[in-house]
Amino acid sequence: MKYDYKLEYFEKSAEYVRSKIDYEPKIALILGSALGGLADDIEDPIEIPYGDIPNFLVSTVKSHAGKLILGELCGKKVVCMSGRFHYYEGYDFEQLVAPIRLFKLLGVETVILTNAAGGINSGYRPGDLMIINDHINLMGASPMRGPNDDRIGPRFFDMCNAYDKDLRELAKSLAGSCELRVQEGVYAYQVGPHFETPAEIRFLRTAGADACGMSTITEVLTAAHCGMRTLAISLITNMAAGMEVGGINGAEVDVVAKRSSLEFRKYLKEIIKHIDVK
Ligand code: HPA
(Lines give C-alpha, C1' and ligand atoms only; values in the text may rest on other atoms or scores of the structure.)
Protein backbone atom coordinates (compact mmCIF):
# COMPACT_ATOMS: atom_id res chain seq x y z
CA MET A 1 0.00 0.00 0.00
CA LYS A 2 1.58 3.23 -1.18
CA TYR A 3 -0.31 5.59 1.15
CA ASP A 4 -1.50 4.83 4.65
CA TYR A 5 -1.83 8.30 6.13
CA LYS A 6 -3.17 8.33 9.66
CA LEU A 7 -4.51 11.29 11.60
CA GLU A 8 -1.07 11.76 13.22
CA TYR A 9 0.48 12.42 9.80
CA PHE A 10 -1.71 15.52 9.28
CA GLU A 11 -1.47 16.48 12.95
CA LYS A 12 2.24 17.10 12.37
CA SER A 13 1.39 19.77 9.78
CA ALA A 14 -1.28 21.27 12.05
CA GLU A 15 1.05 21.41 15.04
CA TYR A 16 3.52 23.51 13.04
CA VAL A 17 0.85 25.94 11.76
CA ARG A 18 -0.70 26.26 15.24
CA SER A 19 2.70 27.28 16.62
CA LYS A 20 2.50 30.41 14.39
CA ILE A 21 -0.99 31.60 15.44
CA ASP A 22 -3.02 32.05 18.62
CA TYR A 23 -6.52 31.52 17.19
CA GLU A 24 -8.52 28.96 15.23
CA PRO A 25 -9.29 29.87 11.61
CA LYS A 26 -12.97 29.11 10.89
CA ILE A 27 -13.04 29.59 7.13
CA ALA A 28 -10.57 28.21 4.58
CA LEU A 29 -10.16 29.74 1.15
CA ILE A 30 -8.66 27.90 -1.80
CA LEU A 31 -8.53 30.29 -4.72
CA GLY A 32 -8.14 29.39 -8.37
CA SER A 33 -5.56 30.75 -10.78
CA ALA A 34 -5.70 34.55 -11.25
CA LEU A 35 -8.42 34.76 -8.57
CA GLY A 36 -5.97 34.89 -5.72
CA GLY A 37 -6.20 38.69 -5.25
CA LEU A 38 -8.52 38.18 -2.30
CA ALA A 39 -5.51 37.04 -0.30
CA ASP A 40 -4.23 40.64 -0.45
CA ASP A 41 -7.25 41.77 1.59
CA ILE A 42 -6.39 39.57 4.56
CA GLU A 43 -5.54 41.69 7.60
CA ASP A 44 -2.62 40.96 9.95
CA PRO A 45 -1.43 38.24 7.58
CA ILE A 46 0.88 35.51 8.74
CA GLU A 47 2.47 33.77 5.76
CA ILE A 48 3.80 30.24 5.91
CA PRO A 49 5.57 28.83 2.83
CA TYR A 50 4.30 25.35 2.01
CA GLY A 51 7.87 24.09 2.09
CA ASP A 52 8.12 24.91 5.82
CA ILE A 53 5.10 22.79 6.80
CA PRO A 54 5.95 19.20 7.74
CA ASN A 55 4.14 16.52 5.70
CA PHE A 56 2.67 19.11 3.31
CA LEU A 57 2.92 19.31 -0.48
CA VAL A 58 4.93 21.80 -2.51
CA SER A 59 3.31 23.79 -5.32
CA THR A 60 4.75 23.42 -8.81
CA VAL A 61 2.67 25.97 -10.76
CA LYS A 62 4.66 29.13 -11.54
CA SER A 63 1.75 31.58 -11.16
CA HIS A 64 0.98 30.21 -7.69
CA ALA A 65 2.92 31.60 -4.75
CA GLY A 66 2.82 28.44 -2.66
CA LYS A 67 2.07 29.66 0.85
CA LEU A 68 -0.61 29.62 3.51
CA ILE A 69 -1.87 33.02 4.59
CA LEU A 70 -3.63 33.25 7.95
CA GLY A 71 -5.38 36.34 9.26
CA GLU A 72 -8.67 38.18 9.37
CA LEU A 73 -11.03 38.83 6.47
CA CYS A 74 -14.41 40.59 6.88
CA GLY A 75 -14.18 40.06 10.62
CA LYS A 76 -13.60 36.29 10.31
CA LYS A 77 -10.46 34.33 11.06
CA VAL A 78 -9.38 32.67 7.84
CA VAL A 79 -6.69 30.48 6.37
CA CYS A 80 -6.06 30.97 2.68
CA MET A 81 -4.07 28.84 0.26
CA SER A 82 -2.15 30.94 -2.17
CA GLY A 83 -1.51 28.25 -4.75
CA ARG A 84 -3.42 24.97 -4.85
CA PHE A 85 -2.44 21.44 -5.87
CA HIS A 86 -3.71 19.65 -8.96
CA TYR A 87 -3.45 16.05 -10.09
CA TYR A 88 -2.01 17.18 -13.44
CA GLU A 89 1.09 18.46 -11.65
CA GLY A 90 2.04 14.87 -10.93
CA TYR A 91 0.70 14.21 -7.42
CA ASP A 92 -1.25 11.07 -6.77
CA PHE A 93 -4.90 11.58 -6.04
CA GLU A 94 -4.40 10.23 -2.51
CA GLN A 95 -1.82 12.94 -1.69
CA LEU A 96 -4.23 15.75 -2.46
CA VAL A 97 -6.07 15.34 0.85
CA ALA A 98 -3.30 17.22 2.71
CA PRO A 99 -4.67 20.82 2.69
CA ILE A 100 -8.24 20.01 3.73
CA ARG A 101 -7.11 17.59 6.43
CA LEU A 102 -4.78 20.26 7.80
CA PHE A 103 -7.61 22.83 7.83
CA LYS A 104 -9.93 20.44 9.62
CA LEU A 105 -7.36 19.95 12.38
CA LEU A 106 -6.87 23.73 12.68
CA GLY A 107 -10.59 24.11 13.48
CA VAL A 108 -11.94 25.19 10.08
CA GLU A 109 -15.68 24.58 9.61
CA THR A 110 -16.32 26.07 6.16
CA VAL A 111 -14.29 25.70 2.98
CA ILE A 112 -14.67 28.15 0.09
CA LEU A 113 -13.24 27.07 -3.25
CA THR A 114 -12.96 28.99 -6.51
CA ASN A 115 -11.79 27.92 -9.92
CA ALA A 116 -11.69 28.88 -13.57
CA ALA A 117 -13.94 26.73 -15.75
CA GLY A 118 -15.16 26.30 -19.30
CA GLY A 119 -18.87 26.91 -19.88
CA ILE A 120 -20.80 23.92 -21.28
CA ASN A 121 -24.31 25.30 -20.74
CA SER A 122 -25.08 27.32 -23.90
CA GLY A 123 -26.85 29.95 -21.78
CA TYR A 124 -23.58 30.85 -20.08
CA ARG A 125 -21.00 33.32 -21.30
CA PRO A 126 -17.41 34.10 -20.30
CA GLY A 127 -17.36 36.28 -17.21
CA ASP A 128 -20.31 34.51 -15.56
CA LEU A 129 -19.96 32.94 -12.14
CA MET A 130 -21.40 29.50 -11.39
CA ILE A 131 -22.24 28.33 -7.87
CA ILE A 132 -21.47 24.60 -8.06
CA ASN A 133 -24.36 22.46 -6.82
CA ASP A 134 -22.96 19.04 -7.80
CA HIS A 135 -20.16 17.45 -9.77
CA ILE A 136 -19.35 14.69 -12.22
CA ASN A 137 -15.96 13.09 -11.60
CA LEU A 138 -14.76 11.76 -14.94
CA MET A 139 -11.65 10.32 -13.33
CA GLY A 140 -13.84 8.13 -11.18
CA ALA A 141 -11.06 7.85 -8.60
CA SER A 142 -11.23 8.99 -4.98
CA PRO A 143 -8.55 10.59 -2.77
CA MET A 144 -10.02 8.48 0.05
CA ARG A 145 -8.97 5.25 -1.68
CA GLY A 146 -6.90 3.00 0.57
CA PRO A 147 -6.98 2.30 4.31
CA ASN A 148 -9.48 4.53 6.14
CA ASP A 149 -8.74 6.22 9.45
CA ASP A 150 -12.17 6.33 11.12
CA ARG A 151 -11.03 9.20 13.33
CA ILE A 152 -10.91 11.39 10.20
CA GLY A 153 -14.16 10.24 8.60
CA PRO A 154 -16.21 7.15 7.79
CA ARG A 155 -15.22 4.55 5.17
CA PHE A 156 -18.34 5.29 3.10
CA PHE A 157 -19.70 8.79 3.05
CA ASP A 158 -22.57 10.75 1.55
CA MET A 159 -22.08 13.29 -1.27
CA CYS A 160 -25.71 14.55 -1.56
CA ASN A 161 -25.01 17.79 0.32
CA ALA A 162 -21.29 18.05 -0.47
CA TYR A 163 -22.01 21.47 -1.96
CA ASP A 164 -23.77 22.76 1.14
CA LYS A 165 -27.31 23.88 0.41
CA ASP A 166 -27.37 26.66 3.02
CA LEU A 167 -24.13 28.16 1.70
CA ARG A 168 -25.47 27.99 -1.87
CA GLU A 169 -28.67 29.75 -0.77
CA LEU A 170 -26.58 32.40 0.97
CA ALA A 171 -24.46 32.95 -2.15
CA LYS A 172 -27.59 33.17 -4.31
CA SER A 173 -29.23 35.64 -1.96
CA LEU A 174 -26.22 37.95 -2.35
CA ALA A 175 -25.95 37.58 -6.14
CA GLY A 176 -27.82 40.86 -6.68
CA SER A 177 -24.87 42.73 -5.19
CA CYS A 178 -22.53 41.27 -7.83
CA GLU A 179 -22.12 42.83 -11.25
CA LEU A 180 -21.28 39.44 -12.78
CA ARG A 181 -24.13 37.09 -13.72
CA VAL A 182 -24.41 34.34 -11.12
CA GLN A 183 -25.51 30.91 -12.36
CA GLU A 184 -25.86 27.62 -10.49
CA GLY A 185 -24.89 24.28 -12.01
CA VAL A 186 -22.95 21.04 -12.25
CA TYR A 187 -19.15 21.00 -12.56
CA ALA A 188 -17.50 18.22 -14.55
CA TYR A 189 -13.95 17.33 -13.57
CA GLN A 190 -11.35 15.79 -15.80
CA VAL A 191 -7.70 15.61 -14.84
CA GLY A 192 -6.11 17.85 -17.52
CA PRO A 193 -3.74 19.48 -18.29
CA HIS A 194 -5.34 19.19 -21.72
CA PHE A 195 -8.66 20.92 -22.25
CA GLU A 196 -11.55 18.61 -23.16
CA THR A 197 -12.25 17.45 -26.70
CA PRO A 198 -15.40 18.68 -28.46
CA ALA A 199 -16.79 15.12 -28.27
CA GLU A 200 -16.21 15.02 -24.52
CA ILE A 201 -18.04 18.32 -24.17
CA ARG A 202 -21.05 17.00 -26.14
CA PHE A 203 -21.02 13.93 -23.91
CA LEU A 204 -20.81 16.06 -20.75
CA ARG A 205 -23.65 18.35 -21.84
CA THR A 206 -25.88 15.31 -22.44
CA ALA A 207 -24.83 14.02 -19.02
CA GLY A 208 -26.01 17.23 -17.33
CA ALA A 209 -22.79 19.18 -16.85
CA ASP A 210 -22.87 22.99 -17.04
CA ALA A 211 -19.14 23.72 -16.75
CA CYS A 212 -15.84 21.84 -16.73
CA GLY A 213 -12.47 22.20 -15.07
CA MET A 214 -9.37 20.51 -13.67
CA SER A 215 -9.55 21.20 -9.93
CA THR A 216 -11.80 21.46 -6.89
CA ILE A 217 -13.30 17.99 -6.61
CA THR A 218 -10.46 16.42 -4.60
CA GLU A 219 -10.94 19.17 -2.04
CA VAL A 220 -14.74 18.77 -2.04
CA LEU A 221 -14.49 14.98 -1.62
CA THR A 222 -11.97 15.34 1.22
CA ALA A 223 -14.09 17.98 2.98
CA ALA A 224 -17.26 15.84 2.67
CA HIS A 225 -15.38 12.87 4.13
CA CYS A 226 -14.39 14.76 7.29
CA GLY A 227 -17.70 16.61 7.69
CA MET A 228 -16.81 20.15 6.63
CA ARG A 229 -19.22 22.30 4.65
CA THR A 230 -18.18 23.59 1.26
CA LEU A 231 -19.08 26.43 -1.07
CA ALA A 232 -17.51 26.28 -4.54
CA ILE A 233 -17.83 28.91 -7.25
CA SER A 234 -16.49 28.75 -10.81
CA LEU A 235 -15.61 31.72 -12.96
CA ILE A 236 -16.53 30.84 -16.53
CA THR A 237 -13.46 32.03 -18.44
CA ASN A 238 -14.33 30.56 -21.86
CA MET A 239 -16.93 28.48 -23.62
CA ALA A 240 -15.90 24.82 -23.63
CA ALA A 241 -14.21 23.01 -26.52
CA GLY A 242 -16.12 22.95 -29.80
CA MET A 243 -18.66 25.58 -28.75
CA GLU A 244 -16.96 28.47 -30.51
CA VAL A 245 -14.84 28.75 -33.62
CA GLY A 246 -11.16 28.18 -32.87
CA GLY A 247 -9.63 26.27 -29.97
CA ILE A 248 -9.25 27.17 -26.33
CA ASN A 249 -6.36 29.42 -25.55
CA GLY A 250 -4.87 29.31 -22.04
CA ALA A 251 -3.83 32.97 -22.31
CA GLU A 252 -7.44 34.05 -23.05
CA VAL A 253 -8.57 32.12 -20.00
CA ASP A 254 -6.16 34.22 -17.92
CA VAL A 255 -7.37 37.48 -19.51
CA VAL A 256 -11.03 36.81 -18.57
CA ALA A 257 -9.99 35.63 -15.11
CA LYS A 258 -8.05 38.85 -14.50
CA ARG A 259 -10.82 41.06 -15.90
CA SER A 260 -13.47 39.58 -13.62
CA SER A 261 -11.33 39.01 -10.58
CA LEU A 262 -12.04 42.33 -8.80
CA GLU A 263 -15.79 41.87 -8.98
CA PHE A 264 -15.48 38.20 -7.99
CA ARG A 265 -13.34 39.26 -5.04
CA LYS A 266 -15.99 41.77 -3.88
CA TYR A 267 -18.72 39.11 -4.12
CA LEU A 268 -16.70 36.58 -2.14
CA LYS A 269 -16.11 39.13 0.61
CA GLU A 270 -19.83 39.84 0.78
CA ILE A 271 -20.44 36.10 1.21
CA ILE A 272 -17.74 35.75 3.87
CA LYS A 273 -19.26 38.68 5.81
CA HIS A 274 -22.54 36.79 6.01
CA ILE A 275 -21.24 33.32 6.92
CA ASP A 276 -22.06 32.28 10.48
CA VAL A 277 -19.12 30.87 12.40
CA LYS A 278 -19.27 29.16 15.78
N1 HPA B 1 -11.76 23.21 -19.48
C2 HPA B 1 -11.11 22.80 -18.38
N3 HPA B 1 -10.58 23.64 -17.49
C4 HPA B 1 -10.73 24.96 -17.72
C5 HPA B 1 -11.39 25.46 -18.85
C6 HPA B 1 -11.94 24.53 -19.79
O7 HPA B 1 -12.54 24.88 -20.81
N8 HPA B 1 -11.33 26.81 -18.78
C9 HPA B 1 -10.68 27.12 -17.63
N10 HPA B 1 -10.30 25.99 -16.99
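For a test of the definition: using alpha carbon positions, the gyration tensor, and the 1.5 limit on a/c, classify region 118-216 as rounded, prolate or oblate. Taking the square roots of the gyration eigenvalues as a ≥ b ≥ c, region 118-216 is oblate. Surface exposure of region 224-270, expressed per residue as accessible area with a 1.4 Å probe, stands at 44 Å². Against the chain, whose longest principal axis comes from its Cα atoms, helix 250-274 is set at around 60 degrees. Based on the Kirkwood approach, the hydrodynamic radius assigned to region 192-278 is 15.4 Å, with every pair of different Cα atoms included. With r as the distance between the Cβ atoms of N133 and E244 and R0 = 30 Å, compute the FRET efficiency 1/(1 + (r/R0)^6) and round to 0.05. With R0 = 30 Å, the Cβ-Cβ based efficiency is 0.75. Select from R151, R101, R168 the residue whose mean-square fluctuation is largest in a Gaussian network model of the chain (Cα-Cα springs shorter than 10 Å). Maximum among the listed residues: R151.
Shape of region 45-181 from its Cα gyration tensor (a ≥ b ≥ c, root eigenvalues): rounded if a/c is under 1.5, otherwise prolate when a/b > b/c, or oblate? Because its axes are fairly even, with a/c under 1.5, region 45-181 counts as rounded.
Seen through its C-alpha gyration tensor, with square-root eigenvalues sorted a ≥ b ≥ c, region 1-44 comes out oblate because a/c lies at 1.5 or above while a/b is not bigger than b/c.
If the chain between R145 and D44 were fully stretched, how many nm would it gain, using 0.36 nm times the residue separation less the Cα-Cα distance?
In short, 32.6 nm is gained.
The values are calculated or read from the model by the stated rules, or taken from the named source; none is laboratory data. Fair warning: this is a prediction, and the values are worked out from it, not measured in the lab. For neighbour counting, all protein chains shown are included, and Cβ atoms are generated from backbone atoms with ideal geometry for every residue, glycine included. Remember, those area values only see protein heavy atoms, side chains included, never the ligands or the DNA or RNA. Shrake-Rupley method; radii C 1.70, N 1.55, O 1.52, S 1.80 Å.
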